[in-house]
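First comes the structure, then the notes that go with it.
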Amino acid sequence: MKSEISPAAASAGAATPAELGAPPVFSALLPLSRIRLSSSHRGARLARLLCGQQLDSWGVPRTVPASGAVSAIVAELAANAVTHGRSPGRDFEVRLGLGEERVRVEVIDTRPDRVPRVPGAFPAPAAESTGGRGLLLVAAYADRWGWCVRDPYTKTVWAEVRYRAPGECQEEGQALSAMVMDT
């Protein structure tokens with residue numbers, strides 16, 4: 001599946017969501033980090049904090065811009081899962097994967113009937129409104145993102161952030177490969 005970028009979004013540097021469907025194939029260097037959290041504001045906050053900690057343990061320090069971008073994306077997607085994707089008594093799940101060049105975030109909630117709105121496809125929220133801009137943030141930080149409904153009970157919203165350009169930081173890549181081999 002390919003993410004298309006509209007001319008307006010491209011000029012703003014934002015990625016539009018990929019077509020409805022499963023996320024692109026992702027080759028993780030390490031096993032995916034999975035955490036199930038309560039559908040509460042505390043769970044959403046904890047998701048952001050735990051993802052930052054996981055990235056740090058994988059060798060992507062919090063000082064790297066990609067770590068901040070992933071944390072912001074997780075915060076928004078987790079908040080959306082709690083606000084718009086909540087079913088009473090059911091949790092949401094956050095999955096985090098580290099590839100050679102990208103970090104993938106997946107947030108799975110229990111409302112497959114409520115899919116995200118495409119930024120720009122609907123009127124912008126009023127200037128005094130306190131909500132309605134979260135997916136603009138996801139689109140701005142993610143290299144590609146989208147959502148899919150895999151079964152009648154859940155929806156997955158995913159995003160990918162590049163943390164290293166191809167061929168860049170060869171020494172870092174060797175250090176990361178060595179870390180993977182040690183685990």
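The values are calculated or read from the model by the stated rules, or taken from the named source; none is laboratory data. Since the structure is predicted, the reported quantities are computational estimates derived from the model, not experimental observations. In this analysis, Cβ positions are derived from the backbone assuming ideal geometry, glycine residues included, and neighbour counts consider all displayed protein chains. Accessible surface areas use protein heavy atoms only, side chains included; no ligands, DNA or RNA. Shrake-Rupley method; radii C 1.70, N 1.55, O 1.52, S 1.80 Å.
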Per the filter on region 46-57, residues open to solvent by 20 Å² or more (accessible area, probe 1.4 Å) and more than 16 Å from residue 142 (Cβ to Cβ) are 46, 49, 50, 53, 54, 56, 57
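Output the residues belonging to region 151-164 that are under 24 Å from residue 91 (Cα atoms), out of contact with any strand residue (DSSP E or B) (no Cβ under 6 Å at 6 or more places or on another chain) and not acidic (Asp, Glu). Lay out the reasoning, then the answer.
Filtering region 151-164 for residues under 24 Å from residue 91 (Cα atoms) gives 151-160.
Those left that are additionally out of contact with any strand residue (DSSP E or B) (no Cβ under 6 Å at 6 or more places or on another chain): 151-153.
152, 153 - these are the residues of region 151-164 that are under 24 Å from residue 91 (Cα atoms), out of contact with any strand residue (DSSP E or B) (no Cβ under 6 Å at 6 or more places or on another chain) and not acidic (Asp, Glu).
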Checked pairs for region 123-151, first farther than 16 Å from residue 83 by Cα and in a loop (DSSP other than H, G, I, E, B), second among the aliphatic types (A, V, I, L, M) and at pLDDT below 80, C-beta under 7 Å and 6 or more apart or across chains, list as 142/15; 143/15
Residue 82 fails exactly one of (1) part of a helix (DSSP H, G or I); (2) hydrophobic (A, V, I, L, M, F, W, C); (3) out of contact with any Leu (no Cβ under 8 Å at 6 or more places or on another chain); (4) open to solvent by 50 Å² or more (accessible area, probe 1.4 Å), namely (4)
### Yes/no for residue 111 being open to solvent by 30 Å² or more (accessible area, probe 1.4 Å), part of a strand (DSSP E or B), charged (D, E, K, R) and on the phi < 0 side of the Ramachandran plot
no
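Out of curiosity, is residue 100 of a type in the set (Asp, Glu), open to solvent by 40 Å² or more (accessible area, probe 1.4 Å) and either touching a strand residue (DSSP E or B) at 6+ places or on another chain (Cβ under 7 Å) or not in a strand (DSSP E or B) (or both)? Before the answer, list the steps.
Numbers: of a type in the set (Asp, Glu): yes; open to solvent by 40 Å² or more (accessible area, probe 1.4 Å): yes; either touching a strand residue (DSSP E or B) at 6+ places or on another chain (Cβ under 7 Å) or not in a strand (DSSP E or B) (or both): yes.
Taking the combined requirement at face value, the residue satisfies it.
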